[in-house]
């Protein structure tokens, strides 16, 4: 019974989110005022949605590739004294407002996709790094000693024992970072990187709520979709 319900939920959640996104888009496009209708057309919606997805995916994958190995390294006994320093440095990037981060790197690297990805990458590091470090530290030393007593080498202890035990905590950090990234990526429109923020910013400028609602609704649904997808990936792994 529970298996059937879980399978049904696995199928229903993406379908419901997709239906909600399509319904919201169709409603706002078909009921747009003449001024907003020039921008709020289906090709434009697909274009900015694709830009938003690309921003989130590229910056999140780069953040995972950097923060997870770094979190593992600073959890090793030899590097634990420098762990607070590294966490403090990454904390600085997290405490600065996201719009200020984008503005700072815009002045350094100019406008466009690469600057937005770099800023989003920097903003996503802390949750993943912090959870990776916390997950590795949460493993009791007696477990490691037992593994060594069985003759396991360091790399096998890491891959077979430490990472599987720390995986739920690491995934919690990744989920947090990705969901934050979806929302923060809407600010990328201020530096010419596109995304769903184009609709929100233009809607505010023109005072057209249908543009604002379209960008906001699709961003919210996208965040829910990624959170559900990563939760199912965690259970599967």
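What the table below lists for this structure:
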item	result
Residue check, residue 90 within 30 Å of residue 188 (Cα to Cα), touching a helix residue (DSSP H, G or I) at 6+ places or on another chain (Cβ under 8 Å) and either modelled with pLDDT of 85 or more or outside any helix (DSSP H, G or I) (or both)	no
Residue match in the stretch 199-214 (condition: on the phi > 0 side of the Ramachandran plot and in contact with a helix residue (DSSP H, G or I) (Cβ under 8 Å, 6 or more places away or on another chain))	no
Residue match in the stretch 202-211 (condition: more than 13 Å from the chain's Cα centre (by Cα), touching a residue at least 60 places away in the same chain (Cβ under 8 Å) and not in a helix (DSSP H, G or I))	yes
Residue identified as over 18 Å from the mean Cα position of the chain (by Cα), over 22 Å from residue 174 (Cβ atoms), surrounded by fewer than 20 Cβ atoms within 10 Å (Cβ to Cβ) and modelled with pLDDT of 80 or more among 100, 78, 134	78
Long-range neighbours under 6 Å by Cβ, at least six apart or interchain, first residue at negative phi and without any contact (Cβ under 8 Å) to a residue 60 or more places away in the chain within the stretch 69-90, second surrounded by fewer than 18 Cβ atoms within 10 Å (Cβ to Cβ) and not in a helix (DSSP H, G or I)	73/79
Criterion violated by residue 109 - all others in (1) within 29 Å of residue 195 (Cα to Cα); (2) more than 19 Å from the chain's Cα centre (by Cα); (3) at pLDDT 80 or above satisfied	(3)
Failed condition for residue 188, given (1) touching a residue at least 40 places away in the same chain (Cβ under 8 Å); (2) more than 18 Å from residue 100 (Cβ to Cβ)	(2)
Residue within the stretch 138-156 that is surrounded by fewer than 22 Cβ atoms within 10 Å (Cβ to Cβ) and touching a residue at least 60 places away in the same chain (Cβ under 8 Å) present	no
Matching residues in the stretch 21-36 - criterion: being surrounded by fewer than 16 Cβ atoms within 10 Å (Cβ to Cβ) and either under 14 Å from residue 210 (Cα atoms) or in contact with a helix residue (DSSP H, G or I) (Cβ under 8 Å, 6 or more places away or on another chain) (or both)	23, 26, 27, 30, 31, 33, 34, 35
Failed criterion for residue 65 (all others in (1) surrounded by fewer than 16 Cβ atoms within 10 Å (Cβ to Cβ); (2) touching a residue at least 12 places away in the same chain (Cβ under 8 Å); (3) under 20 Å from the mean Cα position of the chain (by Cα) hold)	(2)
Residue among 18, 8 that alone is modelled with pLDDT under 85 and either assigned to a helix (DSSP H, G or I) or out of contact with any helix residue (DSSP H, G or I) (no Cβ under 6 Å at 6 or more places or on another chain) (or both)	8
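The values are calculated or read from the model by the stated rules, or taken from the named source; none is laboratory data. Worth saying up front: this structure is predicted, and the values here are computed from it rather than measured. Glycine also receives a Cβ, built like all others from the backbone with ideal geometry; neighbour counts cover every protein chain displayed.
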